[in-house]
Every structure is written in C-alpha cells, then in structure tokens.
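In what follows, a single structure is set out as structure tokens and then discussed.
The values are calculated or read from the model by the stated rules, or taken from the named source; none is laboratory data. All figures in this text were calculated on a predicted structure; none of them were measured in a lab. Here Cβ is always computed from backbone atoms with ideal geometry, including for glycine, and neighbour counts include all displayed protein chains.
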Amino acid sequence: MKHTCCMLHFNTAFNLCVVSSPEECARDCRDNEEPKNCYYRFHIEFYTTIGPACNYTFLDQCIIGDGFEKTLIPINRQLPGPLIKVCVNDRIIVDVENAASGNEVTLHWHGIFQNGYQYYDGVPYVTQCPIPSSTTFRYDFVVKNSGTHFYHSHISTHMLDGQYGGLIVRDPPSKDPHYQLFDKDEIIIFLSDWMHELSAERFPGWYWHDLGQTAKNILINGLGQATAQITNGSLTEYTVKKGERHRIRLINSFTTVCLAELRIEQHELVVIAQDGANVKPKPVDKIVTSTGERVDFILTANQDVDSYWIQVLGLGECNGTRRVQQFAILQYEGGPTWPTRPQPSYADGESATGVTYNPLESTCDENNTDVCVNQLEGIDVDPDLLNVEPDERHILPFWFFNYTRYDDKILFGSDTYRTFIDVNDFSQIISTFNEIAYESPASPLLTEPRSYRTVCKKNVQNSCTEPCTCAQVINTKLNNIVELIIYDAVRVEDLHHPFHLHGYEFKVFTIGQFLSSKNISRANIDEVIKQHTERLEKGEYKNPPGKDTVKIPMGGYVIIRFKANNPGWWLLHCHFTWHHITGMELVIHVGDRNDLPPVPYGFPECSNWTPALHTLNNFYGIRYP
C-alpha cells in the first residue's frame, strides 16, 4: 500500500507528510481507499482522579474512576487513554511525551504483529530502551492485521495506573467475513481492574496489612461505583435502538490475577472474533476473559424498550470474600435511563444459567455445554499447521519459587537483592517459566548485540542456585512450524494464567486440565502429546481458531502452534503484571539479523556504564576513587 509520505520511518521528513487527525482516521473503511497517516500525541504525567478539573463541567480532563481519590499516571488525562480507531494498512504515528518525572515509559501495541516494524513493539530491553522522563519517543508503524486490540504500558506495574487504551483496526467490507451480521460497530466495553493507591505501593507489596495484589474494584470504560463505600462514581451507559444489530468489542486490560465474567441482562451474545481472529459465529450467554484477551460479539437489540444491566463479575481472587463486581447500562432509545429491575447482586450473577464462553475450568471436549476457546472454528487455517510433527516443539512449565517455603536465607542473605513479591499468605515468591526466572538485560536484544551476554547459557539449570535467573531466549528458524505446550506445573488454587505471544497469532489446538492432580509431571505431558499426535494423524482438528492470548486453566495446559514467519525478538509471557515482572516470561528469537529491517536512524541506545577505573583517573586527572 502506498502512503502519502515519502518515508515510512520519517524523521526530518515529517513536515513533508500529509497526516490525518484521530477523528479523520476513525472512519468507515472502504474498499480500495488510500491508507492514511494517523497522528496521535500522547502526554504522560502524574495526575489524580476527581481532581480540580472535575469542578468545571466544560472541561474534558476530569477522571472519575470509581469516585475514590487517588494518584495515577494516565495518557492525555483520560481513562482509558485516547481511542485509536483506524483501517487496516493505515500508518499509526504516536509521539509519546513522558512528563512523569522519575518514571520510564514504553507502550506495547497488544495484538499488532509489527512485521516490518519490529522496533516499535514496546518491550523494554527487548525491542527498545525505556523512554526516560522529559523525552519523547515516536512510535511509527503500519497496521497490517485488523481486529480489536489495545495498547498498554510494558513498564513495571504502570498499566494499572491508567496507561492503556483501545486500538481498533477495521477491515473494508470485502475483507470482513462478518460484515453482513451487524448494523453498527461503535460500542467498546473496556474492562480494567482498579486499586485505591498507586501501583508501586503493591510491588513488592505490603506485608503487615492488606496483603497481596487483589483488585479493589473493576471499571468499565473508566467508570464504576465503589463496592465498599459510597463515592461519586457513575456508570457507563450504552445506547442502542430496538431492532439494531451491534458489533460489540470487549477488551480486558486487567493487571491482577482476577478474571472477568460479563453478561448482558436478557440478551444473547454471538461471538465472532477472539483476540482479533475471526471465528464462525457462536451464541453464548456469558463471556469470561482474562487480561489481554479480547472478544467481539453481536448483540441484537430485540428486547422490550427498556434499560438492561451489564454485569461484570470478578472471578478467581476477586471472588472469595471480596466478590468484586461492576455494572454498566444498556439503554434502548426511548427507554428509561435506569433499568426497571433491581441491580443484581454478585450471587445473582454467579447463579445465572446459560452457556459460558472461555469457562474457568472445563474438560473442553465435545460433551461440554460451555464453549472453550479451542472449540470455536477458525475462518482460515494454514495447512502446514496441521502437520503431524512440527518443526520445533517446546515444552514450557511455569510455577512459583517460594522463598519462604524453601529457603528465605537466599532472599535476605548478605549482599543478595533478589526480586520478589509479597503474596496473601505472607510468602515471598518469584515466578519461573521453563524453570527460569527471566532477568532483563541492560540493552535491547533486538538492536544491541552486547546484551547477548546476559542470555541464558545452555544447561544453566545445572550451574546456578535456584531459582535460576537470566534472559531466556528460544532461537527459532524463520518459517518453522513451532509448537508450544505451556502447562501449570505446580497448581495454585483459583489461579488461571493467561499467556500472550507478541508478534503473532497462534492457533489453539488443545486446552486441558488435570482436576485430581496437585502437580503436573513430565509423564503427564508426554501422554498429552501422544493424544494430540493421534488426533493430528486422524485429522480430527478442524480449522483450529486463532488467538494471541490464551488462558490456561488451573492445573492445566494448552497446545498452540504458529508459523514463525515474522522475524524478530518476541516476548512470550504471563499477562498478569506481577507474574511477568518477576520472571514468568521468555523471548522467542525468530530468524537472523539480516531478516530484519535496518535499525531506524538515531534509534536510542542504552546499557550499563561501568568503565575501568584507570579511565576515570585519566579523565579527572587525579587518583579516583
């Protein structure tokens, strides 16, 4: 596709480009139209909810949240941040101004493959240096894959502090297989978890009171009512007209280990896409998502003219004694502004019957009444992905190393400063993936060969004190068929981990769970692989559906495959923030240096600076130190 700019990665040529505003880019996509250069300016700073801007009704910089006053670090003083809505093949240019003094920033464009634009994936020390305060970094890429996506911080826990927003990439009619199923494509249900303090307070976490990192609340499009106290929170309202069919885009941007179950009172939800990947329509009554997952569904406004509750239940750790939930309102034109039925309780939502998409625990077979993500049928599939044997198979267990249980002297010994988090049973833990806790290098793996010295050496597990820490990298040949078996080796009650792969859509073949087993052994996984191979030999897999984030059930496993046709350094990680920043991640390196586009001119560099002491002596002209 041609762009009106002479350079795709422009620097001095910026003034020669014709750029379009966010409003101009949020258009109806048409066949054979010229793509646009869509420009956005993101300003990041410390800010507060229900601050002085809320005293003026004519200002749009008032952030309410759930009505509880707290500090956050949002984008453009909005929650969620500015919506990016473009057409496939448009070019997105975002200038990120970091005005949050003392804080670093990166933004990851979750769901965008970045093929040809690998330097803008937004992972600190993998694809770029973090953006220091008082500086601006320009993200500049063409979006080649459509779907419901979003952007979010990939630095520390800052995603919880408001650094997220929607990224919708639409197809023209001829490319959208579901175009005839809906009349309008306007509604976004953006879910986020919420605490009543800055997220840094929770890393590594409090120890003497309010242990753990459980969310206090859920927000829907940045709004909600507080559950434990009376505040000035308000609810998001969506307006529909009777008889219309709406494509609704659901985005889960949680950071904590809670999951969300959504239902819309008296309405059927017809799932048509997951994580941007189209699937054949499937009607359900409730939709469960974990952080990083997105679901598109059709809602037909075929009920009486009234208003209806949209109820979101917090699952997993948000159930228990806290029973966190939130509401929005679906209002029919001409109906009352508030539903005529009482607001449902948590117990009402919990007991609601019907078919659930992406249930917490399920055998995911043909006898199951609910719908697991692997049971949907994809629209298209690469036949190479159905080969009986992949080119590569990687078996990847994940679990927690508990310092308190094994040896807390490791954690608090002399001259040791190990990463940990405090969890709600007074333990200190670190996360591992494939037996290693990921340790970030000091410079990006994508651009700085000097960072390779931190990459795990072969057989590292045999030569280090547990838990092993290093930058774990899996090297993959370009265009190989890669199979990953990711499994929950040491089961923790009510914990269902979502794993996200950058740069790719994978196909989900199998999801399973060992309900009676505490820990999963390698022998268990060998049997799973045997059954999987038999299914491939018999041709039992029919158009496995695509995804980029998959929830692995407690004590369970998933088998996924992708074709490694996008060269680069791509993160694979648990999308629970506190898990991936304490080591539950690794990097898949696809292809070689000459498979990548050249590094953009003047791209920022970063690394350690530990010069030899004699160099400093020469510089200062004195003996130093």
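Might you let me know whether the range 459-475 holds any residue that is surrounded by 20 or more Cβ atoms within 10 Å (Cβ to Cβ), within 23 Å of residue 391 (Cα to Cα) and in the same structural domain as residue 552 (by TED's automatic domain parsing)? There is at least one residue in the range 459-475 that is surrounded by 20 or more Cβ atoms within 10 Å (Cβ to Cβ), within 23 Å of residue 391 (Cα to Cα) and in the same structural domain as residue 552 (by TED's automatic domain parsing). Restrict the check to the range 32-52 and report whether at least one residue is within 21 Å of residue 194 (Cα to Cα), of a type in the set (A, V, I, L, M, F, W, C) and surrounded by fewer than 21 Cβ atoms within 10 Å (Cβ to Cβ). Yes: the range 32-52 contains one or more residues that are within 21 Å of residue 194 (Cα to Cα), of a type in the set (A, V, I, L, M, F, W, C) and surrounded by fewer than 21 Cβ atoms within 10 Å (Cβ to Cβ). Looking at this structure, is residue 71 surrounded by fewer than 17 Cβ atoms within 10 Å (Cβ to Cβ), outside the structural domain of residue 446 (by TED's automatic domain parsing) and either in contact with a strand residue (DSSP E or B) (Cβ under 6 Å, 6 or more places away or on another chain) or at pLDDT 95 or above (or both)? Criteria met by residue 71. Whether any residue in the range 20-29 is out of contact with any strand residue (DSSP E or B) (no Cβ under 9 Å at 6 or more places or on another chain), exposed (fewer than 11 other Cβ atoms within 10 Å of the Cβ) and modelled with pLDDT under 90 is what I want to check. No - not one qualifying residue is present in the range 20-29. Can you confirm whether the range 537-556 contains a residue that is farther than 30 Å from residue 215 by Cα and among the hydrophobic types (A, V, I, L, M, F, W, C)? No, the range 537-556 has no match at all. For the range 262-291, the candidate set comprises residues that are part of a strand (DSSP E or B) and of a type in the set (D, E, K, R); within that set, the residue that is farthest from residue 203 (Cα to Cα) is 280.
Residues that are buried (at least 22 other Cβ atoms within 10 Å of the Cβ) and acidic (Asp, Glu) within the range 253-275 comprise 261, 275, listed in sequence order.
Go through the range 356-390 and count every residue that is in contact with a helix residue (DSSP H, G or I) (Cβ under 9 Å, 6 or more places away or on another chain), surrounded by 16 or more Cβ atoms within 10 Å (Cβ to Cβ) and farther than 30 Å from residue 516 by Cα.
Count: 1.
Residue 57 satisfies every condition listed in (1) more than 26 Å from residue 572 (Cα to Cα); (2) in contact (Cβ under 8 Å) with a residue 24 or more places away in the chain except (2). I'd like to check something: does the range 483-496 contain any residue that is among the hydrophobic types (A, V, I, L, M, F, W, C) and farther than 25 Å from residue 419 by Cα? Yes: the range 483-496 contains one or more residues that are among the hydrophobic types (A, V, I, L, M, F, W, C) and farther than 25 Å from residue 419 by Cα.
Would you please name the residue that is farthest from residue 400 (Cα to Cα), looking only at residues in the range 507-520 that are among the polar types (S, T, N, Q) and surrounded by 12 or more Cβ atoms within 10 Å (Cβ to Cβ)?
For the range 507-520, the residue satisfying everything is 510.
Is it the case that the range 333-349 has a residue that's surrounded by 18 or more Cβ atoms within 10 Å (Cβ to Cβ), at pLDDT 90 or above and aromatic (Phe, Trp, Tyr)? No; the residues of the range 333-349 include none that is surrounded by 18 or more Cβ atoms within 10 Å (Cβ to Cβ), at pLDDT 90 or above and aromatic (Phe, Trp, Tyr). Looking across the range 233-261 at every residue that is in a loop (DSSP other than H, G, I, E, B) and among the small types (Gly, Ala, Ser), the one that is farthest from residue 576 (Cα to Cα) is identified as 243.
Against the definition (closer than 30 Å to residue 144 by Cα and touching a Gly at 6+ places or on another chain (Cβ under 8 Å)), how does residue 74 come out, yes or no? For residue 74, the condition - closer than 30 Å to residue 144 by Cα and touching a Gly at 6+ places or on another chain (Cβ under 8 Å) - is met. Comparison of 331, 303 shows that the only residue that is polar (S, T, N, Q) and touching a Lys or Arg at 6+ places or on another chain (Cβ under 9 Å) is 303.
Residues are listed down the side, and each one gets a yes or a no for (1) charged (D, E, K, R); (2) touching a Leu at 6+ places or on another chain (Cβ under 6 Å); (3) more than 26 Å from residue 254 (Cα to Cα):
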| position | (1), (2), (3) |
| --- | --- |
| 528 | no, no, yes |
| 545 | no, yes, no |
| 561 | yes, yes, no |
| 584 | no, no, no |
| 589 | no, no, yes |
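Contact map, the range 170-184: first residue over 23 Å from residue 83 (Cα atoms), second residue surrounded by 14 or more Cβ atoms within 10 Å (Cβ to Cβ), Cβ cut-off under 8 Å, separation 6 or more or different chains; pairs are 177/278; 177/379; 181/245; 181/247; 181/270; 181/272; 181/281; 181/298. Mind checking whether some residue in the range 128-138 is over 16 Å from the mean Cα position of the chain (by Cα) and under 26 Å from residue 272 (Cα atoms)? No; the residues of the range 128-138 include none that is over 16 Å from the mean Cα position of the chain (by Cα) and under 26 Å from residue 272 (Cα atoms). Within the range 292-307, being part of a strand (DSSP E or B) and touching a Gly at 6+ places or on another chain (Cβ under 9 Å) holds for 294, 296, 300, 307.
Here is a yes/no grid of residues against (1) on the phi > 0 side of the Ramachandran plot; (2) outside the structural domain of residue 150 (by TED's automatic domain parsing); (3) touching a helix residue (DSSP H, G or I) at 6+ places or on another chain (Cβ under 8 Å):
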| site | (1), (2), (3) |
| --- | --- |
| 18 | no, no, no |
| 24 | no, no, no |
| 32 | yes, no, no |
| 38 | no, no, yes |
| 48 | no, no, no |
| 61 | no, no, yes |
| 65 | yes, no, no |
| 78 | no, no, no |
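Scanning the range 192-232 for residues that are among the charged types (D, E, K, R) and outside any loop (DSSP other than H, G, I, E, B) returns 193, 201, 202. Taken over the range 189-210, residues that are surrounded by fewer than 20 Cβ atoms within 10 Å (Cβ to Cβ) and in contact with a strand residue (DSSP E or B) (Cβ under 6 Å, 6 or more places away or on another chain) amount to 4.
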